[in-house]
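Chemist: One structure coming up, written as structure tokens, with questions to follow.
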Amino acid sequence: MEIKYPRAEMLIVLGEKNYAVYTDATLNEISRDKQQASRNDDLEFKIAKRKNGSFWYPTCGDPIIWTTALINKRVIKTILEVPEPKVKLDYSTDDYNDVPF
């Protein structure tokens with residue numbers, strides 16, 4: 001099973017506001033796409049969004065909904081690599097019936 005997680009964070013500027021957008025593209029893929037595109041080209045990325053349509057961020061607690069977005073090359077200001085998440089698996093046989101949810 002392949003779990004899809006954000007690999008890069010792009011800081012984009014829309015109007016006067018800065019937004020952090022998480023994507024499944026690697027840092028190298030984004031850099032290569034930016035170099036090959038002209039100033040006004042739109043680049044296609046799979047980005048992480050929340051159920052309500054806003055941008056997903058790591059501490060929001062909502063599941064990721066992946067959607068395709070066209071982002072203009074000139075609004076991408078910074079690209080940061082996101083480390084692979086460390087996952088802790090619990091293989092216990094306890095069915096957790098006594099835990100209230």
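Throughout, read-outs are computed from the coordinates displayed, never taken from laboratory work. As the structure is a prediction and not an experimental result, all values here were calculated from the model. Here Cβ is always computed from backbone atoms with ideal geometry, including for glycine, and neighbour counts include all displayed protein chains.
Chemist: Anything in region 66-83 that is in a loop (DSSP other than H, G, I, E, B) and without any contact (Cβ under 8 Å) to a residue 40 or more places away in the chain? List them, or say none.
Modeler: Within region 66-83, Pro83 is the sole residue that qualifies.
Chemist: Among the residues of region 1-13, which ones are in a loop (DSSP other than H, G, I, E, B) and of a type outside the set (Phe, Trp, Tyr)?
Modeler: Met1, Glu2, Ile3, Lys4, Pro6, Arg7
Chemist: For the subset of region 14-65 comprising residues that are of a type in the set (A, V, I, L, M) and in a helix (DSSP H, G or I), which member is surrounded by the fewest Cβ atoms within 10 Å (Cβ to Cβ)?
Modeler: Leu27
Chemist: For region 10-27, which positions are aliphatic (A, V, I, L, M) and out of contact with any Ser or Thr (no Cβ under 7 Å at 6 or more places or on another chain)? Write out each step before concluding.
Modeler: In the first step, residues of region 10-27 are kept if they are aliphatic (A, V, I, L, M); the result is 10-14, 20-21, 25, 27.
Ile12, Val13, Leu14, Ala20, Val21, Ala25, Leu27, listed by residue number.
Chemist: Let me ask something else about it. Restricting attention to region 1-53, which residues are within 21 Å of Glu84 (Cβ to Cβ) and of a type in the set (Gly, Ala, Ser)?
Modeler: Ala8, Ala20, Ala25, Ser31, Ala48
Chemist: What do you reckon, is Arg32 closer than 16 Å to Ile65 by Cβ and of a type outside the set (Asp, Glu)?
Modeler: The answer is no for Arg32.
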